[in-house]
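Below is one structure, written out as structure tokens; comments come after it.
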Amino acid sequence: MMEAGVLLDKKGEVLYWHLPNNRSGGALPDSVDLWSVFWENRNNISGFAHSHPGFGRTGPSHTDITTFNAVESGLGIKLDWWITSGDSMVLVRYNGPGRLDYHRMDVTMEPDWVIQLRALSGYETLNNADIEFASFNGGVTLDPNGPNAGTKYPNGTPHHPVNNLEDVQKIANIRGFDRIFLK
Ligand SMILES: [Zn+2]
């Protein structure tokens, strides 16, 4: 995981990808280069997005907030500050009255460039096999009164228990489980 950033123009389109050499999963490093790009484009920018490690709802760090405030003070304009995790996104804006009073909103309609920002950030994603395996919760689930027979996924998971011991045994062999859950 590496933090990456992208500067957005007034139409919300990509102006500049910020991919510093020394980026790590912690904080977006201060960068003279990045500041000069902000300054040169100050009449045509709407905001900046950067990525955070991990998944789920994220939010600005204290360093993020002080950086947002310093950039806005330097440019004399307010900007949209987008922050993305591996699977969700928030938009941070100044709403005052204090110098560091920024408000965080959840973003449900994600902009197109998020896909590329996440790719450049190198999130590790679970593949389908991992997701399937995890969905069994450590064993095969049996519900003798249920409707599901056969070994085809998702049969044998807690949401789709199989209804006979023969299928339980087969699924356990295929997946390498030695536990049976009775529903
Ligand atoms: Zn951050």
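Order by neighbour count: Asp167, Asp143, fewest other Cβ atoms within 10 Å first, most last.
On the way: Asp167 20, Asp143 16.
Fewest to most other Cβ atoms nearby, the residues stand as Asp143, Asp167.
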Straight-line reach from Lys78: which lysines fall under 28 Å, measuring Cα to Cα and dropping same-chain residues less than 8 apart?
Lys10, Lys11
Only bridges with both residues in the chain count here: give the DSSP antiparallel percent, nearest 5.
65 percent
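Net charge around His160, counting only other residues with Cβ within less than 10 Å of its Cβ (Lys, Arg = +1; Asp, Glu = -1)? List each step's numbers first, then the result.
Numbers: positive: Lys152; negative: Asp143.
Surrounding charge for His160 is 0.
Considering only the other residues whose Cβ falls under 14 Å of the Cβ of Lys183, what net charge follows from Lys and Arg at +1 and Asp and Glu at -1? Can you show the working numbers first?
Working: positive: Arg179; negative: Asp143, Asp167.
For residues surrounding Lys183, the net value is -1.
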Distance between the C-alpha centers of segment 147-180 and segment 25-104? Whole Å please.
48 Å
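Determine the dipole magnitude for the chain: charges of +1 sit on the beta-carbon of Lys and Arg, -1 on that of Asp and Glu, nothing else is charged, the reference point is the Cα centre, and the result goes in debye to the nearest 20. Can you show the working numbers first?
Working: 15 positive and 21 negative charges, 49 e Å.
Result for the chain is approximately 240 debye, rounded to the nearest 20.
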Add -39500 (n - 2.57) for each DSSP H run of 4 or more in the chain, then divide by its residues: what number comes out at 222 nm, to the nearest 500 deg cm²/dmol?
-8000 deg cm²/dmol
Output the relative contact order of segment 128-182, whole-number percent, from Cα pairs under 8 angstrom with separation of 6+ residues.
40 percent
In the neighbourhood of Thr108 defined by beta carbon distances under 13 Å, the net charge of the other residues (Lys, Arg +1; Asp, Glu -1) is -2
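Where a number appears in this text, it was derived from the coordinates with a stated rule and is not lab data. On a predicted model such as this, the values are computed, not experimentally measured, just so you know. In this analysis, Cβ positions are derived from the backbone assuming ideal geometry, glycine residues included, and neighbour counts consider all displayed protein chains.
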